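The values are calculated or read from the model by the stated rules, or taken from the named source; none is laboratory data. The model shown is predicted, which means the values in this text are computed figures rather than measured ones. Cβ coordinates were reconstructed from backbone atoms using ideal geometry, including for glycine residues, and neighbour counts include every protein chain displayed.
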Amino acid sequence: MEGVLKLDNENKSVYILALETSCDETAAAISKDGLSILANVVASQIDWHRKFGGVVPEIASRKHLELINPVIDEALREAEINFSDLGAVAATYGPGLVGSLLVGLSAGKALAYSLDIPFIGVNHIVGHIYANFISHNEVATPVICLTVSGGHTDLLIFHDYGDYEILGSTRDDAAGEVFDKVARILELDYPGGPIIEKKAEFGDRQSFDFPRAFLNDDNYDFSFSGLKTAVINTVHNLKQQGKIVKVEDIAASFQQAVIDILIEKVRKAVENYQAKSVILSGGVAANKSLRKQVREKLSIPLFYPDLKLCTDNAAMISTVAYYKYKKSYFSPLSLNADPNLKLS
Ligand code: KG4
Ligand code: ZN
């Protein structure tokens with residue numbers, strides 16, 4: 001069924017405080033009626049994880065504990081409201097690192113309980129998709145959504161708020177995870193995505209013919225572990241032969257392989273489902289080459305969130321929470337963290 005996603009704001013204004021602690025960003029945001037973001041505070045822990053080349057779960061949960069109250073205070077200050085103005089509290093309850101999720105979830109539930117207002121648990125991946133509705137008020141449906149982050153690579157068809165279906169997912173590594181791992185192989189910093197993108201600008205994307213798994217298969221699943229292994233082997237062989245490892249060329253060829261795989265699956269889904277638009281979300285959606293090439297290959301409108309809303313943030317969680325609030329989809333205070341939470 002075709003339609004247009006458009007928010008109606010006819011009800012009384014509601015302020016929602018949302019918390020997001022699923023990985024290594026401690027975030028709090030306050031929205032007014034879902035799409036008006038009054039505060040979007042993100043305390044990044046990247047400096048603590050960088051020297052390990054990836055997120056260390058134990059460090060992440062400890063840092064969330066230290067940062068959660070300061071980010072909530074900062075969000076209230078920025079929004080210029082008090083706890084008593086809030087209509088609901090929301091928090092991500094999965095998927096993610098369990099120790100990290102528990103910090104935001106417990107804080108959110110405790111606040112909702114003490115303020116005697118509804119609590120709303122939110123799926124992180126749904127948050128990444130809804131981040132688009134903050135930046136774009138009207139999105140034609142059905143829309144094909146590609147969510148590509150450090151933990152997820154999912155392709156969905158989205159008919160309406162709350163009405164979507166997963167078409168395919170990664171069978172091994174997530175796209176962002178592979179960017180991070182390849183950066184490590186190339187002795188680049190963490191997180192790898194933005195650095196690989198920068199290096200790729202100065203490289204030749206045809207230098208190495210890396211594998212593109214499932215490219216022509218009749219499914220919407222992804223697989224990136226073969227690509228990762230091919231990059232490892234290439235770097236290893238070059239080093240063994242005493243040859244120069246031209247990081248820019250490897251970065252460009254690797255990035256192009258990821259983009260080719262992602263675009264082909266999106267193209268196929270758009271064609272098969274006669275989609276009216278495409279949404280890119282998650283950290284990898286910040287990649288400008290991916291955006292540019294999707295735009296070039298598809299003749300239908302493409303949407304992606306503003307840069308700050310692409311990577312993990314709580315504004316996107318508050319927006320999902322608003323749609324749930326309107327339908328009175330509240331969560332019990334017994335809601336537990338679910339590290340492997342699926343889209344349902
Ligand atoms: O959505 P996000 O902030 O956190 C997760 O939910 O995982 O995504 C982070 C991931 C990291 O793996 C990072 O390397 C990747 O997104 N990323 C990028 C870019 N910016 C961030 N990957 C490719 N190109 C980028 N410009
Ligand atoms: Zn994310």
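Looking across segment 50-98, the residues that are within 19 Å of the chain's Cα centre (by Cα), assigned to a helix (DSSP H, G or I) and modelled with pLDDT of 95 or more come down to His64, Val98. Name the residue that is surrounded by the most Cβ atoms within 10 Å (Cβ to Cβ), counting only residues in segment 207-233 that are closer than 23 Å to Gly150 by Cβ and of a type in the set (D, E, K, R). Among those that are closer than 23 Å to Gly150 by Cβ and of a type in the set (D, E, K, R), it is Lys228.
Tell me yes or no: at least one residue of segment 43-58 is without any contact (Cβ under 8 Å) to a residue 24 or more places away in the chain and among the β-branched types (Val, Ile, Thr). Yes; the residues of segment 43-58 include at least one that is without any contact (Cβ under 8 Å) to a residue 24 or more places away in the chain and among the β-branched types (Val, Ile, Thr). Of the residues making up segment 159-168, not a single one is within 16 Å of ligand 1 (Cβ to nearest atom), under 19 Å from Ala285 (Cβ atoms) and under 17 Å from the mean Cα position of the chain (by Cα).
Looking only at segment 190-206, which residues are over 17 Å from Ala286 (Cα atoms) and either in contact (Cβ under 8 Å) with a residue 60 or more places away in the chain or surrounded by fewer than 16 Cβ atoms within 10 Å (Cβ to Cβ) (or both)? First the steps, then the outcome.
Our first condition is that a residue be over 17 Å from Ala286 (Cα atoms); within segment 190-206, this holds for 202-206.
Once the filter is applied, which keeps residues that are over 17 Å from Ala286 (Cα atoms) and either in contact (Cβ under 8 Å) with a residue 60 or more places away in the chain or surrounded by fewer than 16 Cβ atoms within 10 Å (Cβ to Cβ) (or both), segment 190-206 yields Phe202, Asp204, Gln206.
Of the residues Leu115, Leu67, only one is of a type in the set (A, V, I, L, M), without any contact (Cβ under 8 Å) to a residue 40 or more places away in the chain and in the same structural domain as Lys12 (by TED's automatic domain parsing); which? Working first, answer last.
Numbers: Leu67 fails: without any contact (Cβ under 8 Å) to a residue 40 or more places away in the chain.
Exactly one of Leu115, Leu67 is of a type in the set (A, V, I, L, M), without any contact (Cβ under 8 Å) to a residue 40 or more places away in the chain and in the same structural domain as Lys12 (by TED's automatic domain parsing), namely Leu115.
One residue stands out among those in segment 20-41 that are modelled with pLDDT of 95 or more and part of a loop (DSSP other than H, G, I, E, B): the one that is nearest to ligand 1 (Cβ to nearest atom), which is Ser22.
Here Ala39 does not fit the description of being closer than 27 Å to His136 by Cβ, within 16 Å of ligand 2 (Cβ to nearest atom), in contact with a helix residue (DSSP H, G or I) (Cβ under 9 Å, 6 or more places away or on another chain) and outside the structural domain of Gly162 (by TED's automatic domain parsing).
Would you call Val89 β-branched (Val, Ile, Thr) and over 17 Å from Tyr325 (Cβ atoms)?
Details: β-branched (Val, Ile, Thr): yes; over 17 Å from Tyr325 (Cβ atoms): no.
For Val89, the condition - β-branched (Val, Ile, Thr) and over 17 Å from Tyr325 (Cβ atoms) - is not met.
Once segment 286-336 is narrowed to residues that are within 10 Å of ligand 1 (Cβ to nearest atom) and assigned to a loop (DSSP other than H, G, I, E, B), the residue that is modelled with the lowest pLDDT is Thr311.
Looking only at segment 3-19, count how many residues are modelled with pLDDT of 65 or more, more than 16 Å from ligand 2 (Cβ to nearest atom) and either over 30 Å from Leu65 (Cα atoms) or not in a loop (DSSP other than H, G, I, E, B) (or both).
Step one: filter segment 3-19 for residues modelled with pLDDT of 65 or more, giving 3-5, 12-19.
Next, only the ones that are more than 16 Å from ligand 2 (Cβ to nearest atom) stay: 3-5, 12-17.
From what is left, the residues that are either over 30 Å from Leu65 (Cα atoms) or not in a loop (DSSP other than H, G, I, E, B) (or both) are 3-5, 12-13, 15-17.
Residues in segment 3-19 being modelled with pLDDT of 65 or more, more than 16 Å from ligand 2 (Cβ to nearest atom) and either over 30 Å from Leu65 (Cα atoms) or not in a loop (DSSP other than H, G, I, E, B) (or both): 8 in total.
Checked against (1) surrounded by fewer than 22 Cβ atoms within 10 Å (Cβ to Cβ); (2) over 17 Å from Ala27 (Cβ atoms), Ser106 passes all but condition (2).
Restrict the check to segment 119-126 and report whether at least one residue is outside the structural domain of Lys292 (by TED's automatic domain parsing) and within 11 Å of ligand 1 (Cβ to nearest atom). Write out each step before concluding.
Pass one, segment 119-126, residues outside the structural domain of Lys292 (by TED's automatic domain parsing): 119-126.
With within 11 Å of ligand 1 (Cβ to nearest atom) added as a condition, the list becomes 124-125.
Yes: one or more hits.
Among the residues making up segment 127-164, those that are part of a loop (DSSP other than H, G, I, E, B) and over 11 Å from Phe303 (Cα atoms) are Pro142, Ser149, Gly150, Gly151, His152, Tyr161, Gly162. Taken as a whole, the structure leaves Leu238 outside the set of residues that are over 23 Å from the mean Cα position of the chain (by Cα), over 20 Å from Ser149 (Cβ atoms) and within 16 Å of ligand 1 (Cβ to nearest atom).
Assigned by TED's automatic domain parsing to the domain that holds Ile166, in contact with a helix residue (DSSP H, G or I) (Cβ under 8 Å, 6 or more places away or on another chain) and closer than 28 Å to Ile68 by Cα, is that true of Ala286? Before the answer, list the steps.
Working: assigned by TED's automatic domain parsing to the domain that holds Ile166: yes; in contact with a helix residue (DSSP H, G or I) (Cβ under 8 Å, 6 or more places away or on another chain): yes; closer than 28 Å to Ile68 by Cα: yes.
Against the criterion (assigned by TED's automatic domain parsing to the domain that holds Ile166, in contact with a helix residue (DSSP H, G or I) (Cβ under 8 Å, 6 or more places away or on another chain) and closer than 28 Å to Ile68 by Cα), Ala286 qualifies.
Checking the stated criteria, Asn272 turns out not to satisfy the condition of being modelled with pLDDT of 95 or more and either of a type in the set (Lys, Arg) or not in a helix (DSSP H, G or I) (or both). Scanning segment 247-256 turns up no residue that is in contact with an Asp or Glu (Cβ under 8 Å, 6 or more places away or on another chain), away from ligand 1 (no atom under 16 Å from the Cβ) and outside any helix (DSSP H, G or I).
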